[in-house]
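Each remark here refers to the structure printed beneath this line.
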Amino acid sequence: MKIDAKGMHYRQLNKMIRDAVASGEKEFELDNVGGQRYIGAGMNENVKITINGTPGNDLGAFMNGPRVIVNANAQDGIANTMNAGEIIVHGNVGDIIGYGMRGGKLYIKGDAGYRVGIHMKEYKKQIPVIIAGGTAGDFFGEYMAGGIMILLGMNGKSPLVGDYVGTGMHGGVMYIRGKVDPYHLGKEVCCLELSEEDTKLISGYLKEFCDCFNFEFNEIMKEKFTKLVPLSLRPYGNLYVY
Amino acid sequence: MASQLPAEFNVDVDHEKCRKCKRCVMNCSFSAIEFKDKVIPNNRLCVACHRCATFCPENAITIRENPLDYKDGYNWSPEIRKNILKQAESGGIILIGMGNPKPYPIYWDHMLIDACQVTNPSIDPLREPMELRTYLGAKPESLWFDGENGNISLRTELAPQVKLDIPIVFAAMSYGAISLNAHKALAMAARRMGTLMNTGEGGLHEDLAGYTDRIIVQVASGRFGVTSKYLNNSALVEIKIGQGAKPGIGGHLPGEKVGEDISKTRMIPVGTDALSPAPHHDIYSIEDLSQLIYAIKETTDYKKPVSVKIAAVHNVAAIASGIVRAGADIVMIDGFRGGTGAAPMIIRDHVGIPIELALAAVDDRLRQEGIRNRASILVGGSIRQSADVVKAIALGADACVIGTASLIAMGCRVCQKCYTGNCAWGIATQKPELVRRLNPEIGADRLCNLLSAWGHEIQEVLGSLGINAIESLRGSRERLRGVGLNQETLDILGIKHAGIGQ
Amino acid sequence: MKCDGIPSGCAISGMMSENGRRIDGTEIIRSIACMHDRSNGLGGGFAAYGIYPKRKDMYAFHMMFDNAGAKEATEEFFKDYFNVDKDEVIPTQKGYGISNPPILWRYFLEVPENKLEFLSERDYVTKTVMKINSEIEGSFVASSGKNMGAFKGVGYPEDIGRFYKLEEYSAYIWTAHGRFPTNTPGWWGGAHPFTLLDWSVVHNGEISSYGINKRYLEMFGYKLELRTDTEVIAYLFDLLVRRHKLPVDKAILALASPFWKDIDRMEPEQQKIATAIRQVYGSSLLNGPFSVIIGHSRGMIGLNDRIKLRPMTAARKDDMLYMASEESAIREIAQDLDSVWSPRAGTAVIGMVRAEVE
C-alpha cells in the first residue's frame, strides 16, 4: 500500500496504517513523510514499512515486530522501548535512540547523536542490537543493562565517540571499531580484547549490516575492535548503609 | 570493628510465662531471637516488627524503645548522633524505607469538616442513596448534542474514562519492592471493590493477567516489563516522573532480589540490579513528556487514559498545569510523606512539600487557567484515614491513593526496613518462606474491609454535609475550616478559619 | 451594604400564560400572600416578564443605590459602557411597613456596536453586571434583562408587591418569593429573585453543594459576590443553556442528576447521555434541598432536588401554568384547575410561551 503522507497529521497517518494492517495489508510505502511521529509505534505485526522522507520522533516506539526502512536521516527517540523488529536508517539519526530497547535491531548507516542505547537491556533470547556506521555522541550506552552496541566510525570522523561511554553500565556489551581513549570512558566500564567468540558474534550482525548499506565486510574487519563490558553487575552496591 | 551503635529496641521475654514453644524464633526474620535452653533476644537486630509478640501464645514478649539516654540536647538529637556514628563506620548514604516520619505539620489535622444543622438537612446515609462513584479521565469543557425534541443524541465523544466505585486507589508499589502475594491481594481487592491497583515500575506478573481491567500499569525511567501488550492490557497507563518519598531520585532494586519470577516480570536477567535512572532519558523538557504521552496513546489507540505521576515539589502547580497541557488525562501528585521501599534518608526526610498544600495549589491553578476539567487529580503521600480522603476531595482531588495504609491493612507494622528484604509479614520481601506468610485471599479480605469501612465513613460525612453525591464535595472548600493555621496557609488551602461563617 | 449570604426557608410561586396574555400583579401577590407563614418579613420579591413592551429590545436595569454617590458613580459608568435611552425612578408607594428602601432607579440601555468586537452582546452585559456589583460600592443590579424586571426588598412579599405598585404592571410570567432568612441582614439586594440577563430565580431551600458550584462558575469568569446559593442557580442556567447551548432538559439532568443506580438501568443512548452529563457537569449538580422556579423571557422552569426535600405543586388551567410551594397558593388565584400534580424529584416542569409571543 502506498500512502502520500504530505501534510498529513501523524494521528491520521498512523490510523490509516493500523486500519490497513488490521485488514491484512503487509507492506507500506510512505512518500513525502515530513516529521510524522510514532510511525510503527506499538505495532505487533510483521509488516514492512518503507519511509521516503524524514520520519518524526519516537519512530518505532514500543514496536514489536515490523521492519522499518528509512530512506533519509531520522530524528530523536527511534526504537524507544522497542521489543522486537528492525529499523534500518539510510542516513544519520538524532539523540536518545534505543532508549530502554529490549529486542530487535537498529541499523544506522551514518552517525548517531547523544545518549544512544541508554538503559538498553536484554532478557533471555531478546537481545537488542544497535549498529551505527559512523560516530556517536556523549553518554553512549549509559546505564546499559543488556544487549549489543557496535560503533564503526567508517566515515573517519573524530572523535569516534563522545564522553562518558558506558557510565553506570551494568550489563550487555559494546564493540567499538578502533581504540577508545580511556578519558572518554565512564567509571563503570572496562576495555577488553575481542575473543574468537566475540568476533564470530559481531561478524554475523555486521554481514547483515553490510548487506543493508553496501559496506565492505572485510574493510570493516581490517581494523581492531575494542570490547567494553561492565566492571560489575551491581555498580552501586556499596553506596548505601542501612 | 564492632559497631558503637546502641540497639534501637529492647526485647523483654517474660521467662515465667514463656513455654518455650519457639514460635518467636521461627517468626523472627531479622534473626533477633535465638533459642539456647531459653529464648534469648539479640536486641541489636530487633526492628520492632512485632511478629514475635503477635504470635507468642503467652503474651510473654514486650518490645520497648531502648531507654539508653543520651545527654540532653535538642539540637543534637539521639537520631542525628546515631546517624553520624553509622556513617562514620560505613561511609555510606543512609538508606531507609516507608514515609517521612519527621514532625512536620500535618495539615489534614488542622482542617475540620462542616455539617448541616436545621437550615439545610443532613441525609441519612444508611437509608438513602449516597453516591461515591467517580470517573477518572479528561472531560471536555462542555457537551454538544445533535437533534431536536425528544430525539437528541450526544455529539461529543468523551476521552476514555475509568470508573471507580470508591474514590480510593491503591498506590504504585512494584513487584520487587513488594511480594507477588501482596500484588495478588491488591489486585483481588481492587476487583472486588471496583477500584484500581498499580503495578509500580516493575512490570505485571503473568498471574495477574485476569485483573488487567483493574490495573494501572506504570511506565518509569527503567521501562521494566514495558511492552505494547503491557500498555494495552490495563485500565490506564501511568508515566512515573517522581515519587513523594524521593523526588528527583531514581530507583534501585538490588540484584539479590531479582529472582526467576521478578526477572521474567521485569524482563531483565536474574541477579542484575534493576536500576531506574533519575529522569526518563527521553524526557528532558515538557514537550518531551507530551511526546511520550502521545507515544503511549498511539500505542493504545487512544483507548487508555494516560496519567502522569509527580512528586509534590515547590513549583508543583505550574508543573501540573504543564502536564495537563501536555495531554495527560490524569495528574497524580505524591506528597512528601509518601512511602517508599527504599530511599536515601536525606531525600525522604527533607525534599518535597506536603500534599495538602500541593493539592490546593494545583487545583487552584488549573481552575484559574480554566483547564481543571481536562484532567483528573489523584493525590497520595500519607492518606491515613477516611477523614483525610474527605478533606482531600473537598480541597479538589478526584480520588486518593493509598500505599502505606494498604500495607498496614495487610499486616505491615511500619518498621521501615522494607529495603532489607526481610519483611516478617511477607509484604516487602521476595524470600519464599516469608512471602508465604501473606495469604493473598486473607490480604484481599483485609483490604476490602478497610475500603468498605472507609467508604461507609465517607458516606456518613456526606450525609452530615447534606449531600448525596461525591461530586458535590469535590472542590467544595467552603465545607472545610482551618484551625490553628496562619493566614498565608489558609490562603494557600483556600479555606476560612474556624469560627467564620459563610 | 452588601452582606454575607444567609441560609433561608421560603415560599415560591409562579404563573405564566402560554398565549402571552399579560396579567397584572394582583394575582401573584395574592398567591404568595397565601403562604405568609413560610416567610418572616425579612425579604420578598417578584420577577415580571413582558412589562416594558415599548422598550422591549433594550436592557432594563433595575438598580438599587445605597446613596446618591453610588448612583452618580453608576451613571458615569453607564455613560462609558452603554447608550442610555431613558432613566427614571421606579415608582413606589409609602406604607405597608416598608422602611429604609435604597434609591430605586431604572435605566433602559443599549450596547454600542463598537463594544462587541470580541464579545457577544449578552456576554458584554453579563460582564458589566459583574463589574457594577463587585466594583461600585453601594450599587447593585437587581435585574438586567430585556422587557423584564425584578422588584424586591426587605419585608413580607405581599407588602413589597404593594410597595412597588405591581398592580400597575402587566406580565405574561410572574414569579414571587417570600423569604425566611435565619438572621437579619436588612439588605435589599439579598432578597429574591436573583437575576442575570433575563434569567430570574426564586428559590426555596439551601444548596449544600454551593462551595463547588461557586468554584466551578468562577472558572468561567462568573463573580459570585453575594455569597448566596441562589445566585449560583441563575449563573448555572446562564452557563449551561446560554453559553454551552445545552437543551433545557439536558441542563436539568446536570443540575438534578438521576442516581447512578437509575442511570445504570436506562436504555443505552439515554444512559450514555446521562453518564456523560454527570462526568462532565458533576460540579454543577445542585445538591441539598431545593425547589426553584426559573423564569426567562420564553418561559418558566420548575425544579426540585433529586430526593425532593422541598415541596412543589404544579397546575394547569387553560393556557395558564402555575407552580408553588403549596397547592393552596395556586387554588387561591385559580379555581377549577384542569390538572394538579406534584412533580417528581429531579423532574422539571417546563413551561414555554408560544412562539409568536413577543
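The values are calculated or read from the model by the stated rules, or taken from the named source; none is laboratory data. No experiment lies behind these values; they were computed from the predicted model shown. Here the Cβ positions follow ideal geometry from the backbone for every residue, glycine too, while neighbour counts run over all protein chains shown.
Quickly run through the range A:104-135 and pick out the residues that are at the interface with chain B (Cβ under 9 Å from one of its Cβ atoms) and either out of contact with any Lys or Arg (no Cβ under 8 Å at 6 or more places or on another chain) or not in a loop (DSSP other than H, G, I, E, B) (or both). Scanning the range A:104-135 gives A:Arg115, A:Ile118, A:Tyr123, A:Lys124, A:Gln126. Would you mind stating whether A:Gly56 is within 14 Å of another protein chain (Cβ to nearest Cβ) and part of a loop (DSSP other than H, G, I, E, B)? Yes; evaluated as a whole, the condition is true for this residue. Counting only strands (runs of 3 or more DSSP E) that sit wholly inside the range B:103-192, those with at least 3 residues that are buried (at least 18 other Cβ atoms within 10 Å of the Cβ) and within 14 Å of another protein chain (Cβ to nearest Cβ) are B:134-136. Quick check on my filter: what residues within the range C:210-232 are hydrophobic (A, V, I, L, M, F, W, C), crowded, with 24+ Cβ neighbours inside 10 Å and more than 9 Å from every other protein chain (Cβ to nearest Cβ)? C:Val232 - this is the single residue of the range C:210-232 that is hydrophobic (A, V, I, L, M, F, W, C), crowded, with 24+ Cβ neighbours inside 10 Å and more than 9 Å from every other protein chain (Cβ to nearest Cβ). The helices (runs of 4 or more DSSP H) located wholly in the range B:345-395 that include 3 or more residues which are within 26 Å of B:Met130 (Cβ to Cβ) and modelled with pLDDT of 95 or more occupy B:355-368, B:386-395.
Looking at the range B:255-274 only, could you name the residues that are part of a loop (DSSP other than H, G, I, E, B), among the β-branched types (Val, Ile, Thr) and in contact (Cβ under 8 Å) with a residue 60 or more places away in the chain? The one that is part of a loop (DSSP other than H, G, I, E, B), among the β-branched types (Val, Ile, Thr) and in contact (Cβ under 8 Å) with a residue 60 or more places away in the chain: B:Val258.
Filtering the range C:197-209 to residues that are surrounded by 24 or more Cβ atoms within 10 Å (Cβ to Cβ) and either without any contact (Cβ under 8 Å) to a residue 40 or more places away in the chain or away from every other protein chain (no Cβ under 14 Å) (or both) leaves C:Trp199, C:Ser200, C:Val201, C:Val202. B:Cys418: in the same structural domain as B:Asp363 (by TED's automatic domain parsing) and either farther than 23 Å from B:Ala53 by Cβ or touching a helix residue (DSSP H, G or I) at 6+ places or on another chain (Cβ under 7 Å) (or both), yes or no? Taking the combined requirement at face value, the residue does not satisfy it.
Which pairs do you get when a residue that is at positive phi, found in the range B:203-225, comes within reach of a residue that is crowded, with 20+ Cβ neighbours inside 10 Å and part of a strand (DSSP E or B), reach meaning Cβ atoms under 7 angstrom, with the pair 6+ apart or on two chains? If the second residue must be crowded, with 20+ Cβ neighbours inside 10 Å and part of a strand (DSSP E or B), the pairs left are B:Gly203/B:Tyr175. Residues in the range C:317-326 that are surrounded by fewer than 18 Cβ atoms within 10 Å (Cβ to Cβ) and either outside any loop (DSSP other than H, G, I, E, B) or free of Cβ contacts under 8 Å to residues at least 40 places away in the same chain (or both): C:Lys317, C:Asp318. May I ask you to list the residues in the range A:212-221 that are over 17 Å from the mean Cα position of the chain (by Cα) and in a helix (DSSP H, G or I)? Matches in the range A:212-221: A:Phe217, A:Asn218, A:Glu219, A:Ile220, A:Met221. Return yes when B:Ser476 is within 14 Å of another protein chain (Cβ to nearest Cβ), buried (at least 18 other Cβ atoms within 10 Å of the Cβ), under 21 Å from C:Ile207 (Cα atoms) and without any contact (Cβ under 8 Å) to a residue 24 or more places away in the chain and no when it is not. Criteria not met by B:Ser476. Of the residues B:Tyr284, B:Tyr302, the single one that is free of Cβ contacts under 8 Å to residues at least 12 places away in the same chain and within 11 Å of chain A (Cβ to nearest Cβ) is B:Tyr284.
So is A:Ala61 within 20 Å of B:Arg223 (Cβ to Cβ), in a loop (DSSP other than H, G, I, E, B) and without any contact (Cβ under 8 Å) to a residue 60 or more places away in the chain or not? In short, yes. For the range A:154-189, filtered to residues that are farther than 30 Å from A:Glu216 by Cβ and of a type in the set (Phe, Trp, Tyr), the residue that is surrounded by the most Cβ atoms within 10 Å (Cβ to Cβ) is A:Tyr164. Residues of the range B:429-458 that are farther than 17 Å from B:Arg413 by Cα and either within 14 Å of chain C (Cβ to nearest Cβ) or of a type in the set (D, E, K, R) (or both): B:Lys431, B:Glu433, B:Arg436, B:Glu441, B:Asp445, B:Glu457.
Please work out if A:Ile69 is surrounded by fewer than 24 Cβ atoms within 10 Å (Cβ to Cβ) and farther than 22 Å from A:Met169 by Cα. The answer is yes for A:Ile69. Of all residues in the range B:362-381, one or more are within 22 Å of B:Ala428 (Cβ to Cβ) and either buried (at least 24 other Cβ atoms within 10 Å of the Cβ) or not aromatic (Phe, Trp, Tyr) (or both).
Test of understanding: among C:Ser283, C:Ser297, which residue is over 20 Å from the mean Cα position of the chain (by Cα) and on the phi < 0 side of the Ramachandran plot? Unique residue meeting the criteria: C:Ser283.
Hey, does the range B:19-30 have a residue that's basic (Lys, Arg), on the phi < 0 side of the Ramachandran plot and in a loop (DSSP other than H, G, I, E, B)? Looking through the range B:19-30, at least one residue is basic (Lys, Arg), on the phi < 0 side of the Ramachandran plot and in a loop (DSSP other than H, G, I, E, B).
Across the range B:490-502, the qualifying residues are those that are in contact (Cβ under 8 Å) with a residue 24 or more places away in the chain and either under 13 Å from B:Leu112 (Cα atoms) or out of contact with any Gly (no Cβ under 7 Å at 6 or more places or on another chain) (or both), and the one among them that is surrounded by the fewest Cβ atoms within 10 Å (Cβ to Cβ) is B:Ala498.
B:Ile63 - would you say it is assigned to a strand (DSSP E or B) and buried (at least 16 other Cβ atoms within 10 Å of the Cβ)? Taking the combined requirement at face value, the residue satisfies it. Pairs meeting the criteria (first residue in the range A:151-164 and assigned to a loop (DSSP other than H, G, I, E, B), second residue of a type in the set (D, E, K, R), beta carbons under 7 Å, at least 6 apart or on different chains) are A:Leu152/A:Arg177; A:Gly153/A:Arg177; A:Gly162/A:Asp138; A:Asp163/A:Asp138; A:Tyr164/A:Asp138; A:Tyr164/A:Glu142. Exactly one residue out of B:Ala320, B:Ala295 is modelled with pLDDT of 95 or more, within 8 Å of another protein chain (Cβ to nearest Cβ), surrounded by 24 or more Cβ atoms within 10 Å (Cβ to Cβ) and part of a helix (DSSP H, G or I), and it is B:Ala295. Restricting A:Gly53, A:Gly104, A:Gly42, A:Gly94 to those that are surrounded by fewer than 24 Cβ atoms within 10 Å (Cβ to Cβ) and within 30 Å of B:Ala278 (Cβ to Cβ) reduces the list to A:Gly94.
Here the condition is being in contact with a Pro (Cβ under 9 Å, 6 or more places away or on another chain), assigned to a strand (DSSP E or B), buried (at least 24 other Cβ atoms within 10 Å of the Cβ) and assigned by TED's automatic domain parsing to the domain that holds B:Val435; of B:Val237, B:Val331, B:Val308, it holds for B:Val237 alone.
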